[in-house]
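S.K.: Below are the structure tokens for one structure; questions will follow.
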Amino acid sequence: QASLSPKLRGTLIAFQQPAKAASTTRGAMASLAATPAGKLAAGSQVAYRSSSQLRKLESVRMKYDVAGAAIVVDLGVELGSERILVREIKQQRTREYAEVTGLPHTFVLIISAGGVQHSFCFDSRSDRDLWDSELAALRQGGPAARPGAVAPIIPEPRSTVRHVALGAASARTAALLKLDMEPVGGRGGSHQESLEIEHGSNPAALKSKVVDFVNEKGLLPAEGTSLYRLAKALLLRPQVLKETAALIREIEASDLSGKILASSGLPHLQEGEAERASDSLREIEASLPSRIKSAGVGAQLVAEVLSRNIERLRVTNEIVEKMLAARDGASPCP
């Protein structure tokens, strides 16, 4: 351009400006498309069902309308489209239905007006989690949550837990959780965080700690529930072990066959002993929920096993009582 006249040089620069502007615009659009909110605007292919419709649509496209602050579901030529305004969403949640459908990763929206429920099934969990994370951020009230906005909100990245390992407990901690975390939607590498569960923590304090951990580490809100349940089960594990051992001793103490086998001479029952054993087993079974059943899924399984053992021992005791009564020519207690 140095050899050109000032007039020609000015003309060449004028022609170059639109090209530079177009290049800048394309770059901005490419950057926007790479953001999580931009990915929502690009849309996802899903299976869709609404409580206001009779049939499930196996393949529709859902996308986020930035200007209208709404999710748009393209239902096809015959049905048109469904618009779900962000401000009208009352609740959102995720579900896993791997045993029911080939598209197990489900995202559910419930609308405040009439309680209409919209279900979206994704074939990719990362895509489903991306929608869950970004829509939750949009509902918190960024620019894109208001109609007429011209740019999507770009919330803080959210992460999901891929693996949990147990570290060694100590005199101070009942459990140490080591969590392998990675951002949803493949937006970065994985990393590890640790959560300590102190001895003596009460359920309310534990729940508060887990909520703070989820918010501080940028985890998806849905991860908080399962993380709290695991932490609570680990915290109460020593109590469950202690109570289980005590319950086994109490159940064995009501075993009439064991007492008879251990007795010397002609086996017999003391007056009212069978009735006392039956009452004891009934009381033990009634105490299971308060003693161990509320301490997590593992404790619930233990409670079920103990309940079955109690029922089996109750039947055994009745057989023993009838055998001894028949031998002695007496009627067993009703």
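S.K.: Give me the pairs: first residue in the range 204-228 and in contact (Cβ under 8 Å) with a residue 24 or more places away in the chain, second residue polar (S, T, N, Q), beta-carbon distance under 6 Å, and six or more apart or on different chains, which are they?
M.R.: Close Cβ pairs (under 6 Å, with a partner that is polar (S, T, N, Q)) amount to G218/S159; L219/S159; L220/S133; L220/T160; A222/T94.
S.K.: Specify the residue that is farthest from D132 (Cα to Cα); the eligible residues are those in the range 210-246 that are open to solvent by less than 60 Å² (accessible area, probe 1.4 Å) and among the hydroxyl-bearing types (S, T, Y).
M.R.: Residue satisfying both the conditions and the ranking: T244.
S.K.: Search the range 175-198 for residues that are open to solvent by less than 30 Å² (accessible area, probe 1.4 Å) and pair each with any residue that is hydroxyl-bearing (S, T, Y) and modelled with pLDDT of 85 or more when their beta-carbon atoms are under 9 Å apart and the residues are at least 6 apart or on different chains.
M.R.: Cβ pairs passing all conditions: L177/S194; L179/S194.
S.K.: Further, regarding this structure: Would a scan of the range 309-325 turn up a residue that is in a helix (DSSP H, G or I), under 28 Å from A231 (Cβ atoms), modelled with pLDDT of 80 or more and more than 26 Å from the chain's Cα centre (by Cα)?
M.R.: Within the range 309-325, none of the residues are in a helix (DSSP H, G or I), under 28 Å from A231 (Cβ atoms), modelled with pLDDT of 80 or more and more than 26 Å from the chain's Cα centre (by Cα).
S.K.: So, in the range 176-229, how many residues would count as being among the charged types (D, E, K, R), closer than 14 Å to T160 by Cβ and modelled with pLDDT of 85 or more?
M.R.: Matching residues across the range 176-229 total 2.
S.K.: Shifting gears a bit: Return the residues of the range 54-105 that are modelled with pLDDT under 75 and either under 23 Å from R125 (Cα atoms) or of a type in the set (D, E, K, R) (or both); say none if nothing qualifies.
M.R.: If the condition is that a residue be modelled with pLDDT under 75 and either under 23 Å from R125 (Cα atoms) or of a type in the set (D, E, K, R) (or both), then R55, E78, E96, Y97, A98, E99, V100, T101, G102, L103, P104 are the ones that fit.
The values are calculated or read from the model by the stated rules, or taken from the named source; none is laboratory data. Predicted model, so just to flag it, every value in this text is computed and none were measured. Ideal geometry is used to build each Cβ from the backbone, glycine not excepted, and the neighbour counts take in all protein chains shown. The protein model used for the area step is the full one, side chains on, heavy atoms only, and it has no ligands, DNA or RNA in it. Shrake-Rupley method; radii C 1.70, N 1.55, O 1.52, S 1.80 Å.
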